[in-house]
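The values are calculated or read from the model by the stated rules, or taken from the named source; none is laboratory data. The structure presented is a predicted model; accordingly, all values stated were derived computationally and were not measured. No Cβ is skipped: glycine too gets one built from the backbone with ideal geometry, and neighbour counts run over all protein chains shown. Side chains are part of the model used for accessible areas, which takes the heavy atoms of the whole protein and leaves out ligands, DNA and RNA. Shrake-Rupley method; radii C 1.70, N 1.55, O 1.52, S 1.80 Å.
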Amino acid sequence: MRYPVTLIAGDGIGPEVSAVMVRVVDEVTDGRIQWRNAPAGGGAVAAGMVPLPEETLDSIRETRIAIKGPLETPIGKGWRSVNVSLRQALSLYACVRPVVSLPGDYRSKYSDIDLIVIRENTEGLYSGREHEVIDGVVEALKVVTRESSRRIMRFAFEYARNHGRKHLTIVHKASVMPLSDGLFLDCAQEIAADYPYLQVEVLPLDNLAMALVQRPQDFDMLVMGNLDGDLVSDLCAGLVGGLGMVPGANIGAGHAVFEAVHGTAPDIAGQDKANPIALILSAVLMLRHIGETGAADRLGSAVRTLLFEGKSVTRDLGGTTGTSGVGDALIEILSRSES
Ligand code: NAI
């Protein structure tokens, strides 16, 4: 069985971390993944294309599965976020980010975190509906629909049921936005009625912010809107060692695009300093998604061994190994389990 997968290498550190990810995935799958390179972001623009070329969308529509490095969004001018456009174009409505303490003492204050952040990926303040009302006055619309709120809640509750999760925290700010976040909460309560065996609590975003710093171990699954989920994912990454450690998946009805939480890290791009683990763990999620469970287990376990041994980690984790060196170390660890 061979699996075609669209690969968007990404901007900044994207090509570096993608190269390592492809190398280790090829190793654990014996080359069963057929990579189809597709352009997007700053790289596409530099080559005279639009930031999200139709050929890239067509490739994902065909392969159904993609994995991507981060893509640059220029601030204020240039082009609108390709990530947001991609999620909207393919209706990748659910963003899943597992935040798990990994072995080793990597600047994390906690060693026992195991939570899932589920973020609605297509609406909220990231709907892209922004306009200048008059000179000096700009409006950004927060869009919340019953259909999308019910859809993300159904996804979250099904995810909990299928993955043995017991406790969902629905995050909101309905005291200030009673209509939009109120609708989100109503949908949560409606869907929750179908899952009486799951515990559900609702928590305002500001309360969550404090609780996550004080007692993150208490949380099992967090479900929230688009902007809130973006911020909380980075906060959670900080709880388990940083942005180089947290993977993600954007899931829709027909397609799934896997990517790390981090961005293009322009401050370290092209210097062989980026931590490739977040993208490699995103590939582990991808392998599980397509049913390559054995390969996913082997790669996930090699990452844990690498972190436990602590000899070959990048600077963000206190080491001196380069991005490509992490790839070498993982290949060496994988070769041990073969012999
Ligand atoms: P960033 O995540 O790129 O960087 C924040 C900090 O974390 C930097 O100090 C960076 O060096 C560090 N960092 C990030 N990933 C790392 C890794 N794998 N290994 C070691 N250190 C790492 O966030 P920033 O600077 O806000 O965004 C830069 C660009 O990335 C922007 O154009 C932004 O729009 C884009 N971006 C793209 C995302 C995506 O494609 N999914 C997600 C977030 C940002």
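Would you tally the net charge around Ser324, using a Cβ to Cβ cut-off of less than 9 Å, leaving Ser324 out, and scoring K and R as +1, D and E as -1?
Here the count lands on -2.
Between beta-carbons, use under 11 Å as the cut-off and find the net charge around Gly43, counting Lys and Arg +1, Asp and Glu -1.
Numbers: positive: none; negative: Asp11, Glu72.
Charge balance in the 11 Å sphere: -2.
For the chain, calculate the relative contact order in percent as a whole number, restricting contacts to Cα pairs under 8 Å that are 6 or more residues apart. Please report the intermediate quantities before stating the final value.
Numbers: 682 pairs, mean separation 75.5, N = 339.
For the chain, the relative contact order is 22 percent.
For Asp105 and Asp272, compute 0.36 nm times the residue count separating them, minus their Cα-Cα distance, and round to one decimal in nm. Display every interim value, and only then the final one.
Numbers: separation 167, 0.36 × 167 = 60.12 nm, distance 2.24 nm.
Full extension of this stretch gives 57.9 nm more.
With only alpha-carbon atoms in the gyration tensor, what are the semi-axes of the equivalent ellipsoid for the chain, in Å, largest first? Write out the running numbers ahead of the final one.
Working: eigenvalues 190, 122, 78 Å².
Over the Cα atoms of the chain, the semi-axes work out to 31, 25, 20 Å.
So which lysines can Lys166 reach, going by Cα to Cα under 27 Å and dropping same-chain residues fewer than 8 places off?
Partners found: Lys109.
Ranking request for peptides 83-93, 42-52: highest mean number of other beta-carbon atoms within 10 Å first, then the rest in descending order. Please report the intermediate quantities before stating the final value.
On the way: 83-93: 20.2, 42-52: 16.6.
So the peptides 83-93, 42-52, ranked by packing, come out 83-93, 42-52.
Give me the 1.4 Å probe accessible area per residue for the range 114-239, excluding ligands and nucleic acids, in Å². Walk me through the numbers on the way to the answer.
Values: 6170 Å² over 126 residues.
Value for the range 114-239: 49 Å² per residue.
Under 29 Å Cα to Cα from Lys68, which lysines show up? Leave out anything in the same chain fewer than 8 places away.
Partners within reach: Lys77, Lys142, Lys273, Lys311.
Can you compute the modelled spin-label distance between Ser301 and Asp328, with each label point 7 Å from Cα toward Cβ, in nm?
2.6 nm
Can you tell which of Gly182, Gly136, Gly244 shows the greatest fluctuation in a Gaussian network model of the chain with Cα springs below 10 Å?
Looking only at Gly182, Gly136, Gly244, the largest GNM fluctuation is found for Gly136.
In the chain, what percentage of the DSSP-assigned beta bridges are antiparallel, given to the nearest 5?
Values: 18 of 43 bridges.
Roughly 40 percent of the DSSP beta bridges within the chain come out antiparallel.
Suppose R0 equals 25 Å; then what is the FRET efficiency for Asn162 and Glu190 from their Cβ-Cβ distance, rounded to the nearest 0.05? Please list the in-between numbers first.
Numbers: r = 20 Å, r/R0 = 0.81.
According to the calculation, E is roughly 0.80.
Taking K and R as +1 and D and E as -1, what net charge do the other residues with C-beta under 15 Å from the C-beta of Asp267 add up to? If you can, show how the numbers build up before the last one.
Numbers: positive: Lys273, Arg315; negative: Asp11, Glu16, Glu72, Asp272, Asp316.
So the surrounding residues net to -3.
Given springs between every Cα pair under 10 Å in a Gaussian network model of the chain, which of Glu190, Glu62, Glu132 has the largest fluctuation?
Looking only at Glu190, Glu62, Glu132, the largest GNM fluctuation is found for Glu132.
With both bridge residues required to lie in the range 114-239, what share of the DSSP beta bridges run antiparallel, to the nearest 5%?
Numbers: 5 of 18 bridges.
If we restrict to bridges inside the range 114-239, about 30 percent are antiparallel.
Counting each DSSP H run of 4 or more residues in the chain as -39500 (n - 2.57), what helix-only mean residue ellipticity at 222 nm follows after dividing by all residues, to the nearest 500 deg cm²/dmol?
Working: 11 runs with 140 residues, N = 339.
So the calculated ellipticity at 222 nm is -13000 deg cm²/dmol.
Share of the range 1-141's accessible area from carbon and sulfur, percent, 1.4 Å?
Values: 3370 of 6610 Å².
Ligands and nucleic acids excluded, carbon and sulfur give 51 percent.
Between the range 238-267 and the range 298-327, what is the separation of their alpha carbon centroids in Å?
The range 238-267 and the range 298-327 have Cα centres separated by 18 Å.
Calculate, for Glu132 and Ala47, the FRET efficiency according to 1/(1 + (r/R0)^6) with r their C-beta to C-beta distance and R0 25 Å; round to the nearest 0.05. Don't skip to the answer; put the middle values down first.
Values: r = 32 Å, r/R0 = 1.26.
The pair Glu132/Ala47 has a calculated efficiency of 0.20.
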